[in-house]
Amino acid sequence: MSADDFNIGLLGRGTVGSAFSELLAERGEQVRRLTGRRPRLSGVLTREQGRFEDVLENAELVIELMGGIDPAREHVLSAMRAGRHVVTANKQLLSQHGEELFATAHEHGVQLRFEAAVAGVVPVVRVLEESLAGAHIERIHGIVNGTTNFILTEMTGGSSYPQALAEAQRRGFAEADPSDDVSGRDAAAKMAILARLAFGAPVRLEDVRYEGIEGLQGDDLQYAHELGLELKLIGTAERRDGGLSVRVHPAFLYAGHPLASVGGPFNAVTVESEAITEITMSGPGAGGRQTASAVLGDLISVMLGATVARPPVSPLALVEDVESAFYLHMEVADRSGVLATVTQALGEQGVSIKSVLQRGMGENARLVMVTHLVLESSLNAAIERAGQFDFVRSAPRTIRVIEEEFT
C-alpha cells in the first residue's frame, strides 16, 4: 500500500463482483497512468467475509454489487453519509429508493454513479447526464434487457419459449430464476431510472406499467414476419399530453426502426429530441464482464474528479392511456362474413385496420391484423366487443406495434 493507491471497498463478490476484481487487476496500471493513482481493493464484504464497518473505514470509494434492497440500501446510505463516493449496479435499489439516494449524495457532497445499472456497457447514463444535459428530450426507448432479447432472437429463429430460455441459461445470459427478466420487471426498473434522468421526474418502479414475454406464442412471430415485423421487449419513457408515460411491453418494429436489427444479448437505447433528432447507442447488455466494465468506467470518472449536476425533480403527471398501433390475433370459425363483422365492431370503437392476414381453414382459421394508431382504452373496448361473438374461439391476443422508421 502506498500514498498513490486509491482504496476501494467492494460489497459483493458474485458474478459481477468477481469479474470486476479480475478487471481491476488487469487494468490497474492503465488506470494509474490515466488518473495518477492506482485503484486497489482495500476490503471486500460478502456473506462469509468481512465486516461493513472495516470495509468502509479503509475505503475512499465503495462499490456496491450485492444486489437487492437490504442490506444494500443501508450500506450505500452509510457510505455516502461517511463521505465516501459510491458506484453501484443495483437497478432495483435505484428504481425504488433513488430519490433518497440522490438526496443523500447531494447533502454529503459525494458522487453516486450507476452506469452499470442500465443497459450493460451502453453509456446511456453518462450521455443523458453529460452530453445531452441541455437537451429537451422527448422520448427515450430501447431494449434494456439482454436476456429477453436473446430469448426473442432465438424464438424468431424457430425455437420455442422453453427452448430459448434453456439456451439463455446454458450460455449464462439468464439466471436460474429468470422471473425478473422475462416478466419485464428488470426492464421496468431500468426505465424508471432513465425516466428520472431524462425528464427530471421522480419515477419509481411501481409507477411503470410492464408486461413480459412469457405469454408470447410462436405463431405470432411467424405471422409478424409475414407482415415485415420484428419482436422486441421495449421500454419507453416519453412526454405525452403534458405528462409522462413510462412502460415496458413486447412490441413489433418495422425493419427501418434502429432497434429492429438488435439481436442476441445486446441492448440498445434510442434518445429523441428536437435538438438532436435521434441517436441510438448499442452494445452487450448481459454478462458479468460487460457489467464490470461499466463499473470500472464509473470508478475512473470519480477518480478523475468528474462530477454530474443532477437537477431537482419536478413531478409530471403519469399518463397511462396512450396511442399505439397494435397487432391483433383472433382464432375464429371459418364462415362467411366473419371479417366484415369483426372490422365493423372494431370500427365502432374508432379502430381502423392497416393490414390483414387470413390463415387456416375450419378449426384452424385465424385473423391477423395490424391497426392504425388508437388509444389503448379504445382497442380494449373493441376487443371486449369482438370477443363476445360466437365465432371467436379464444380470447384475442394483442401486441403493440411501433410504427416509426428512420432512414
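General observations
Yes/no matrix, rows are residues, columns are (1) open to solvent by 60 Å² or more (accessible area, probe 1.4 Å); (2) outside any helix (DSSP H, G or I); (3) in contact with a Lys or Arg (Cβ under 9 Å, 6 or more places away or on another chain); (4) modelled with pLDDT of 90 or more:
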| position | (1), (2), (3), (4) |
| --- | --- |
| GLY297 | no, no, yes, yes |
| VAL308 | no, yes, yes, no |
| PRO312 | yes, yes, no, no |
| LEU316 | no, yes, yes, no |
| GLU320 | yes, yes, yes, yes |
| PHE326 | no, yes, yes, yes |
| MET330 | no, yes, yes, yes |
| ASP334 | yes, yes, no, no |
| GLN344 | yes, no, no, yes |
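- Restricting attention to segment 233-254, the residues being under 22 Å from LEU197 (Cβ atoms), of a type outside the set (Gly, Ala, Ser) and either buried (at least 20 other Cβ atoms within 10 Å of the Cβ) or modelled with pLDDT of 90 or more (or both) number 11.
- Condition check for GLY98: under 29 Å from the mean Cα position of the chain (by Cα), more than 23 Å from GLY288 (Cα to Cα), open to solvent by less than 40 Å² (accessible area, probe 1.4 Å) and touching a residue at least 60 places away in the same chain (Cβ under 8 Å): yes
- Taking the conditions (1) at pLDDT below 90; (2) open to solvent by 80 Å² or more (accessible area, probe 1.4 Å); (3) closer than 29 Å to VAL246 by Cβ in turn, GLU404 satisfies each one other than (2).
- Lone unmet requirement of (1) surrounded by fewer than 17 Cβ atoms within 10 Å (Cβ to Cβ); (2) in a loop (DSSP other than H, G, I, E, B) for ILE279: (2)
- Any hit, segment 196-215, residues being closer than 30 Å to LYS354 by Cβ, open to solvent by 60 Å² or more (accessible area, probe 1.4 Å), touching a residue at least 60 places away in the same chain (Cβ under 8 Å) and part of a helix (DSSP H, G or I): no
- Residue check, GLY285 open to solvent by 10 Å² or more (accessible area, probe 1.4 Å), within 30 Å of ARG37 (Cα to Cα) and under 13 Å from the mean Cα position of the chain (by Cα): yes
- Residues that are of a type in the set (Gly, Ala, Ser) and open to solvent by 20 Å² or more (accessible area, probe 1.4 Å), drawn from segment 1-20: SER2, ALA3, GLY14, SER18
- Residue under evaluation GLY256, criteria (1) assigned to a loop (DSSP other than H, G, I, E, B); (2) in contact with a strand residue (DSSP E or B) (Cβ under 8 Å, 6 or more places away or on another chain), criterion not met: (2)
- Leading residue by the ranking (farthest from GLU278 (Cα to Cα)) among those in segment 129-168 that are aliphatic (A, V, I, L, M) and open to solvent by 10 Å² or more (accessible area, probe 1.4 Å): ALA166
- Unmet criterion (only one of (1) closer than 23 Å to ASP321 by Cα; (2) open to solvent by 10 Å² or more (accessible area, probe 1.4 Å)) for ASP181: (1)
- Positions within segment 21-56 being touching a Phe, Trp or Tyr at 6+ places or on another chain (Cβ under 8 Å) and open to solvent by 20 Å² or more (accessible area, probe 1.4 Å), in sequence order: THR35, ARG37, ARG38, ARG40
- Residue satisfying all of: in segment 346-372; in a helix (DSSP H, G or I) and at negative phi; modelled with the lowest pLDDT among these: GLU363
- When we screen ALA381, ALA340, ALA365, ALA386 for residues that are open to solvent by less than 80 Å² (accessible area, probe 1.4 Å), over 30 Å from LEU197 (Cβ atoms) and touching an Asp or Glu at 6+ places or on another chain (Cβ under 8 Å), the only hit is ALA365.
- Which listed residue is free of Cβ contacts under 8 Å to residues at least 24 places away in the same chain, of a type in the set (S, T, N, Q), out of contact with any Gly (no Cβ under 7 Å at 6 or more places or on another chain) and under 21 Å from GLY67 (Cα atoms), from SER131, SER179: SER179
The values are calculated or read from the model by the stated rules, or taken from the named source; none is laboratory data. Worth saying up front: this structure is predicted, and the values here are computed from it rather than measured. Every residue, glycine among them, receives a Cβ derived from its backbone with ideal geometry; neighbour counts consider all protein chains shown. Protein only, heavy atoms only, side chains kept; ligands, DNA and RNA dropped before computing areas. Shrake-Rupley method; radii C 1.70, N 1.55, O 1.52, S 1.80 Å.
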